[in-house]
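Taken together, the values in this text are just the output of simple stated rules run on the coordinates, not laboratory data. Every value quoted in this text rests on a predicted model; they were computed, and no experiment measured them. Ideal geometry is used to build each Cβ from the backbone, glycine not excepted, and the neighbour counts take in all protein chains shown.
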Amino acid sequence: MVQTVIEPTSAGDVSATRDLYIKAYRFMLLARVLDDKLASLYRAGKILGGVFLGRGQEALSVSIGVGLRERDIFAPLIRDMAGRLAFNESVLDAARTFLGSSLGPMRGRDGNIHRGRPKEGQLAMISHLGAMISVVNGGLFARRMRGIKGTVGVACCGDGSTSTGSFHEAMNQAAIEKLPLVMVVADNQYAYSTPTERQFACRSLVDRAVGYGIPGYEVDGTNLTACLNVVGEAIARARAGEGPQLVVANLLRLCGHGEHDDAQYIEPKLKASDLGRDCMKLAEAYLTQQSWADAATLSKWRAEAVQKVEEATAAAQREPGPDPFAENYWAALSTENLLEGNE
Amino acid sequence: MVQTVIEPTSAGDVSATRDLYIKAYRFMLLARVLDDKLASLYRAGKILGGVFLGRGQEALSVSIGVGLRERDIFAPLIRDMAGRLAFNESVLDAARTFLGSSLGPMRGRDGNIHRGRPKEGQLAMISHLGAMISVVNGGLFARRMRGIKGTVGVACCGDGSTSTGSFHEAMNQAAIEKLPLVMVVADNQYAYSTPTERQFACRSLVDRAVGYGIPGYEVDGTNLTACLNVVGEAIARARAGEGPQLVVANLLRLCGHGEHDDAQYIEPKLKASDLGRDCMKLAEAYLTQQSWADAATLSKWRAEAVQKVEEATAAAQREPGPDPFAENYWAALSTENLLEGNE
Amino acid sequence: MSITYLEAIREAQAKALRDDPRVFIYGQDVGAFGGAFKATKGLAKEFPGRVLDAPIAEDAMAGLAIGAALEGMRPILEMQFADFSTVAFNQIVNQAATMFWRTNISCPITVRLPCGGTAGGGPFHSQTMEAIYAHYPGLVVLTPATVEDAYSMLLEAVAIDDPVIFCEHKFLYYHLKADSLPTEALPVGKARIARVGRDLTLVTYSAMVHESLAAADELLSEGWEVEVVDLRSVKPLDTDTVIASVARTGRLLCVGEAWPWGGVTAEVITRVVCEGYDLLDAPPQRLNAKDTPVPYHPNLWSAHRPTARSIAAAARKVLQR
Amino acid sequence: MSITYLEAIREAQAKALRDDPRVFIYGQDVGAFGGAFKATKGLAKEFPGRVLDAPIAEDAMAGLAIGAALEGMRPILEMQFADFSTVAFNQIVNQAATMFWRTNISCPITVRLPCGGTAGGGPFHSQTMEAIYAHYPGLVVLTPATVEDAYSMLLEAVAIDDPVIFCEHKFLYYHLKADSLPTEALPVGKARIARVGRDLTLVTYSAMVHESLAAADELLSEGWEVEVVDLRSVKPLDTDTVIASVARTGRLLCVGEAWPWGGVTAEVITRVVCEGYDLLDAPPQRLNAKDTPVPYHPNLWSAHRPTARSIAAAARKVLQR
Ligand SMILES: Cc1ncc(C[n+]2csc(CCOP(=O)(O)OP(=O)(O)O)c2C)c(N)n1
Ligand SMILES: Cc1ncc(C[n+]2csc(CCOP(=O)(O)OP(=O)(O)O)c2C)c(N)n1
Ligand SMILES: [Mg+2]
Ligand SMILES: [Mg+2]
């Protein structure tokens, strides 16, 4: 049942393929520019808490975002800026959360990568790795009970997160219930500093699929076309009622675990290998090679992305942080009459 | 890497094979007789708490017990009377624990299936399914650190227990550390009342092995020869340094989940299938067929088992229960000066 | 007609399923089998597709319930024993409990925990975990002591927009009977005066209410009138009712089946002394289980947990000061 | 020379590894990388094969440590953040904590929990879980507040035959410095009078010791002499030292960074009023974090947890009664 897709055969309408590719690329670009901006704001001491970037993982992540539809469910993880933006997140949501604006979706209560808008299908991750997958299952399960058809859910995680008991319980649960879950694993060769040989002993994490009785696909995570195809097809199959799908992408994180980390532990050999290629650069080369964009267009797109990011981060920086005395921040229950007086 | 062994090729010395078979059979018999006695004591209201039997699973369980050596580690689960006895447990330990004697290994503190003697390699299970496997890993890990070679550890569980996060975390941990763990899964088609189709969606649980990068073997759990071979070989390979091994046995529980349960939910079709055969009867037929034992010998063995069981249960019933005022039962720490006064 | 505590739990679930299409039940063996304790007996048949067997995966069970709640459902999760909820602990305290505060979206799940000691239960089938869950912000923790409360509070739990930990006591399942199911009830958050008295306030909850009432009987024969307060919910905790009672009696004993350190008894005493210090005529006291795992053997078990007898003894000490 | 709280933790581990071949360290990224906070920096190199990276599997991490302890080892387990120990919760409270009582074999594991709030930490990287673990029988729970205690208590934790939950506070990691490592220390189980005073006993632990000392300074300028008791270990809890202090001052304020319900503050107040009621001249009080998840934004965070300022305000109330 395990399939390995290296270079997909791209069938169908060429212009649709091009449009999708360009759309995806532009979200990747926006994510990269925003991530870079956040990194520099972090270095300037403007951001509280950690900054975790998706650098090198944009092709995979964006493929999820462009593959999902409005009523779908998405549980991004820490490196999914591209997927978030392509799904439905605004640059302003991200900027506000990182910059502590009280107008952001988390209102200063939670920060940065934990942002989300569950009502709009974008779950707000908790830190505990693996914990979001069964929550996606629950959403899909509820929809099925309510007779809502044709929606899917995508959960993301890294190689390290596959070692959690939560990952296993949720994968197995999805398989039993035949839920339209697409589990996207970004095997970026490290979990923080820990290399994959201290994390698993199978050939590839896609080998887990057979143990859950679900299809599994491996994809070159540096190649946008491959990612669009494999993730797109997995989403389509899930949507068509074929049950859970596992996608494992091979790639390398092109940054530290967080911006506090210089990632000296990453093997130079890996950096020099195909895994270490930058999906952005590959995509740009492909765009040019296909004559879908020339250098001027690429510059224009970048300039537009930069402008969006600058506007959003500037706006968020002007916004007020939360004022603990102005609003009731100290109610952990929605049922007001069950609240106890606070100390 | 997944291998399916249905009928093993039995090589080597026939008399050794016979001796092992007979030894195993006699422990199965002892376990069956003891289990039956416990069931009748339970019905007579003499046992507190649950009684969970290994009926139908003796061939698998005993294969572990006879395969292990003195310094090995064994983490039995609720249906492993045969394996326990064959490893190193006395009938009296079992009887005392079920009958609440203060002289048993658990001294009345914990009961029945939770008994163990960790110092002698037999772990005292906690109820939480899956939780013992990583504890076995820890024992093996410690031995390796201390330079002790050639010991193995066996952990047991049922089909249902493979759904736990603990199972997954521990299997993966063993694989990463290449520990000599043999994981024996008794797929008895049900977890309490829950059939396997509500528990997993893979073809067989042995399909999990490939996802951990370890060898997996499937065995007919009703066939003692097959179990002795497959479990024996898995233990031998682990002992030889080949890392963790997964053994999945197919069989049917020939009793309720516990003695309180009439197991009406078990499909008649399953009972009538090969899975529903009683490993004891098959073993007896084989013994006779091979002329390793005749009816008189079988009766004699049974009578001996019955006598052992009667003696032990009678002795345990005469023994005092724990006296909360005679002994200090209320110290949860071994470091006395850190104990707090009890309420 | 007579109905047990366990049947009341079943009936409440049946009513919830009947009245509210958003309700479903998820747990190990809750389907055709009707649950380890038969608390869902017949419900899978009566409500097809809405009472589902779960794999042995408490973390994913809780996660699924949370995800469904976000989509507007009202899941009831049955843990086979409260003790096994430790495996779902992270999802409950970090995912469900923080949801509303973090995202402004409520997370109405009800987690049924068959709690508490029974003879022969032992360390892993006897635990009462109310203090653990009550420590975390964002959870409502209920501990019904009567058939009526088991019914009405479970219905209320399902209706509450926040995650509710429903601690039902296994010792009461079959022992406790009522003539009929209630049609009205005290709301969650209100304690109940289970017995009126003027000499001592005995605050307790769950199965210990009955031990305490028996102790009060015993003490009455000695001339002491003990007021027994059944907390019903330990979070929120009805400090007002407790303090009003202490104002009448001047004396306080708190009894809980859980371990002492940081338990309900400590929380109640702290609230009373912090807010109603001057009302006390004598030092308050608490009585809990001993600070060891719950023993398997009944000889040990009955010395481990508070009983009518040990409660009466503790009460005498408070009364005689 | 000057040494931080974090360096003291590293040094204690180095010494434990050096002096005792049974010691090993297991945790995510603790090997070549030296840990998320660098608490094991250089140790993997200095002690080959004894400082090992774990997969992201806290349940199995704890299980492995327990199994190794049964075989006579002395594992130190590093959780990357205390908050993630919820995933290992079952192994810690049901396997490690019950081991000795059930089997008569001790289970000497040390679980290092990087605890507590820092600005920007947010709901899942700020928790203090001492009350949760202290509720369970069979665990020792330590909460060092000083560089010296971080060092000596960690060494003692490794030497103790029982499972120890070592709550090290991240806020103190770099802030707190000492001139040198101690050569002798108070034993685990003894509280320390961190500051002598006659008007009020302020009982606290971990990072709140420093907030409390600052509050005491502030109050001194108003003429109040506050005695600050640093509990050091919350289980066992040194009730004697606390009560002796209350006997001198007649007033009690307990301060904890954790949530109020059933926290250390409730436990301390309960013990004092149950055992030393007559020593109090005024109602005791407690001050805790607010009963919500820990906020990410510093504006909210500083209003959420007790600070020198809010402690001083609470103390004034107790003093003015
Ligand atoms: C249960 C749990 N344990 C530990 C952590 C701390 N932690 C945060 S990210 C991380 C590494 C994650 O690695 P991986 O899943 O490969 O994702 P990547 O960072 O490589 O994208 C760890 C250990 C956590 N968040 N949750
Ligand atoms: C974590 C956990 N959840 C639930 C239970 C309750 N429980 C005890 S045995 C059992 C069924 C076990 O099924 P399986 O693993 O197939 O073993 P079998 O009884 O069939 O031998 C369940 C659900 C438990 N012990 N631990
Ligand atoms: Mg990774
Ligand atoms: Mg089974």
>> Report the rotationally averaged projected area of segment D:57-137 based on its alpha-carbon convex hull, in square nanometres.
In response: 5.1
> Where does each of B:SER90, A:SER166, A:SER101, D:SER221 land when they are ranked from fewest to most other beta-carbon atoms within 10 angstrom?
Replying inline: D:SER221, B:SER90, A:SER101, A:SER166
> How high is the FRET efficiency between B:SER40 and C:GLU222 when r is their beta carbon distance and R₀ equals 35 Å, given to the nearest 0.05?
Replying inline: 0.15
> How big is D for segment D:1-66, in µm² s⁻¹ as a whole number, if Stokes-Einstein is applied with the Kirkwood radius of its Cα pairs at 20 °C and 1.002 mPa s?
Replying inline: 176
> Taking a ≥ b ≥ c as the square roots of the eigenvalues of the Cα gyration tensor of segment A:5-109, is the shape rounded (a/c under 1.5), prolate (a/b larger than b/c) or oblate?
Replying inline: prolate
>> For segment C:3-178, what does the relative contact order come out to in percent, with C-alpha contacts under 8 Å and a separation of six or more?
In response: 27
> Label-to-label distances across copies for D:HIS175, with labels 7 Å out along Cα→Cβ, in nm, shortest first?
Replying inline: 4.9
> B:LYS281: which lysines have alpha carbons under 23 Å from its alpha carbon, excluding same-chain residues fewer than 8 sequence positions away?
Replying inline: B:LYS23, B:LYS37, B:LYS269, B:LYS271, B:LYS300, B:LYS308
> On a 0 to 90 degree scale, rounded to 10, what angle separates helix D:308-319 from the longest Cα axis of chain D?
Replying inline: 50
> Between segment C:70-122 and segment A:76-134, what is the C-alpha centre distance in whole Å?
Replying inline: 24
>> How tilted is helix C:58-70 with respect to the longest principal axis of chain C? Cα atoms for both, answer in degrees (0 to 90, nearest 10).
In response: 80
>> Using only alpha-carbon positions, what ratio does the radius of gyration of segment C:192-319 give when scaled by 2.2 N^0.38 Å?
In response: 0.98
>> Only helices at least 20 Å long along their own axis, judged from Cα atoms, and with Kyte-Doolittle mean hydropathy of 0.5 or greater: name those in chain A from DSSP H.
In response: A:224-239
> Can you list the aspartates and glutamates whose alpha carbon sits under 15 Å from that of A:LYS119, skipping same-chain ones fewer than 8 residues off?
Replying inline: A:GLU70, A:ASP72, A:GLU89, A:ASP93, C:GLU71
>> Running a GNM on chain B with Cα contacts under 10 Å, which residue among B:SER161, B:SER291, B:SER299 ends up with the highest mean-square fluctuation?
In response: B:SER291
>> Helix D:264-276 against the longest principal axis of chain D: what's the angle in degrees, Cα atoms only, rounded to the nearest 10?
In response: 60
>> Testing the spin-label approximation: label points 7 Å from Cα along Cα→Cβ at D:SER180 and B:LYS281. State their distance in nm.
In response: 8.1
> Cα-based Rg (one decimal) and Dmax (whole number) for segment B:4-340, in Å?
Replying inline: 19.7, 64
>> Whole angstrom only: what separates the Cα centroid of segment D:6-25 from the Cα centroid of segment D:213-284?
In response: 33
>> Which of C:THR4, B:THR97 has the fewest other C-beta atoms within 10 Å, and how do the rest follow up to the most?
In response: C:THR4, B:THR97
> Which aspartates and glutamates does C:LYS15 reach when only Cα atoms under 13 Å apart count, and residues fewer than 8 places away in its own chain are ignored?
Replying inline: C:GLU7, C:GLU46, C:GLU156
>> Nearest 500 deg cm²/dmol is fine: what mean residue ellipticity at 222 nm does the protein assembly as shown get from its DSSP H runs of n ≥ 4 alone, each adding -39,500 (n - 2.57), divided by its residue count?
In response: -12000 deg cm²/dmol
> Each residue of segment B:258-275 in order: what ³J(HN,Hα) in whole Hz does its phi give by Karplus 6.51 cos²θ - 1.76 cosθ + 1.60, θ = phi - 60°, with x for Gly and Pro?
Replying inline: x, 6, 7, 10, 8, 6, 4, 6, 6, 4, x, 4, 5, 4, 7, 7, 4, 4
> Which residue, B:VAL62, B:VAL182, B:VAL14, has the most motion in a Gaussian network model of chain B that connects Cα atoms within less than 10 Å?
Replying inline: B:VAL14
> With chain C treated as a Gaussian network of Cα nodes joined by springs under 10 Å, which of C:VAL140, C:VAL188, C:VAL196 yields the largest mean-square fluctuation?
Replying inline: C:VAL196
>> Could you list C:ARG10, A:ARG79, A:ARG43 so that the one with the fewest beta carbons within 10 Å of its beta carbon is first and the one with the most is last?
In response: A:ARG43, C:ARG10, A:ARG79
> If you average over every viewing direction, what projected area does the convex hull of the Cα atoms of the protein assembly as shown give, in nm²?
Replying inline: 48.7
> According to a simple spin-label model (label point 7 Å from Cα along Cα-to-Cβ), what is the distance in nm between A:GLU311 and A:LYS149?
Replying inline: 4.1
> How high is the FRET efficiency from B:ASN337 to D:ARG18, r the C-beta distance, R0 22 Å, rounded to 0.05?
Replying inline: 0.25
